[in-house]
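The values are calculated or read from the model by the stated rules, or taken from the named source; none is laboratory data. Quick caveat, the model's predicted, so the values are computed rather than measured. Cβ: placed from backbone, ideal geometry, glycine included. Neighbour counts: every protein chain shown.
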């Protein structure tokens, strides 16, 4: 136990340790078995490139040579940030609540993309600061979870963004969503988020975990001008120095720098790994949350895919920290889970080719080895 850790942190860390104990690395023997099947399919070896690696990992996660990703779920966690007091965003925090209402009405980009890839959508209010405008009737294809831990975070340039108890409560909210997804038969989860100011928290978390300077991981977020970016850089640098935690204390980094939706996504990653469900990062903010989860429990990495590469400069640094290659590069930076949702189509194709393609034997097609044997006989 870290000397000087307050009693609240000790309780949270004990409960977190119980969650971590349920996370097991993917068995390499299943990866080998999947690779053997790939080599029997009616195609030249490795001709499907990264799709083959994806399918093998899904097979190993599910521990079957007949994997499925037909029950897709996008979870969008929403929360507000006290750091917006420092004028780091051109949008007021009220926009978070307004966008949550837009999600629930079905009018956002993630609604369209989720529908395109056949994914269910859950919107989770982890800590929206303002009342969410009423939506009636609710879209039948969208579920809503209203369990805010508190009304936004504190300003992390003055105080820890969250107490340890608040951070763990938000983390547990995400963990519970993953556990319920398992009970519902979900076999692929995408991470999404919404929160004015959350790229500032993500930048601070990325700097703290990777040891990168604020200038390397802090971008323009929703399209800020040079003056606002300079202010944002100063805020990130100040927050990281004020809360001098490093990668050896990832949970402390999370509760010191926020936010509630990031903590929820961290718990979602942990819960997906416990329940052996593949999970896809969206952009920079979701990936910063995943980096916290992987630092807490390295085995989470086995269950994690990087959906795409955002234009936010910190995203490439976080993906390198995670050791992940993005499946897509479309110059996106919207968030909401849009990149993760699009990547679901790629993973679905990878799994379908793995399961549905004929083998050389079943199709009566000669493979390279058989042709070589005939030529030498």
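Brief remarks on what is shown
- Looking at 58, 83, just one residue is part of a helix (DSSP H, G or I) and within 19 Å of the chain's Cα centre (by Cα), and that residue is 58.
- Top-ranked residue of the range 130-153 - restricted to ones that are crowded, with 16+ Cβ neighbours inside 10 Å, under 23 Å from the mean Cα position of the chain (by Cα) and touching a residue at least 40 places away in the same chain (Cβ under 8 Å), ranked as farthest from residue 245 (Cα to Cα): 144
- For the criterion of being in a helix (DSSP H, G or I), within 24 Å of residue 169 (Cβ to Cβ) and either more than 23 Å from the chain's Cα centre (by Cα) or without any contact (Cβ under 8 Å) to a residue 40 or more places away in the chain (or both), residue 15 fails.
- In this structure, residue 70 does not qualify as surrounded by 23 or more Cβ atoms within 10 Å (Cβ to Cβ) and under 22 Å from the mean Cα position of the chain (by Cα).
- Residue 112 being part of a helix (DSSP H, G or I) and either at pLDDT 95 or above or over 22 Å from residue 272 (Cα atoms) (or both): yes
- Of the helices (runs of 4 or more DSSP H) lying entirely inside the range 164-276, those containing at least 2 residues that are touching a helix residue (DSSP H, G or I) at 6+ places or on another chain (Cβ under 7 Å) and farther than 23 Å from residue 23 by Cα are 198-210, 214-217, 226-242.
- The lone exception for residue 45 - which of (1) at pLDDT 95 or above; (2) over 23 Å from residue 336 (Cα atoms); (3) out of contact with any helix residue (DSSP H, G or I) (no Cβ under 6 Å at 6 or more places or on another chain) it fails: (1)
- Among the residues of the range 27-52, those that are assigned to a helix (DSSP H, G or I), touching a residue at least 40 places away in the same chain (Cβ under 8 Å) and surrounded by 16 or more Cβ atoms within 10 Å (Cβ to Cβ) comprise 34, 37, 38, 51, 52.
- Residue 102 being without any contact (Cβ under 8 Å) to a residue 60 or more places away in the chain, within 20 Å of the chain's Cα centre (by Cα) and under 27 Å from residue 220 (Cα atoms): no
- Meets criteria (outside any helix (DSSP H, G or I) and in contact with a helix residue (DSSP H, G or I) (Cβ under 6 Å, 6 or more places away or on another chain)) for residue 285: no
- Note on the range 229-242: among residues that are surrounded by fewer than 20 Cβ atoms within 10 Å (Cβ to Cβ) and in contact (Cβ under 8 Å) with a residue 60 or more places away in the chain, the one that is farthest from residue 321 (Cα to Cα) is 231.
- On the stretch given as the range 305-326, residues that are over 17 Å from residue 254 (Cβ atoms) and outside any loop (DSSP other than H, G, I, E, B) total 9.
- Some residue of the range 355-363 being more than 30 Å from residue 18 (Cβ to Cβ), surrounded by 24 or more Cβ atoms within 10 Å (Cβ to Cβ) and in contact (Cβ under 8 Å) with a residue 60 or more places away in the chain: no
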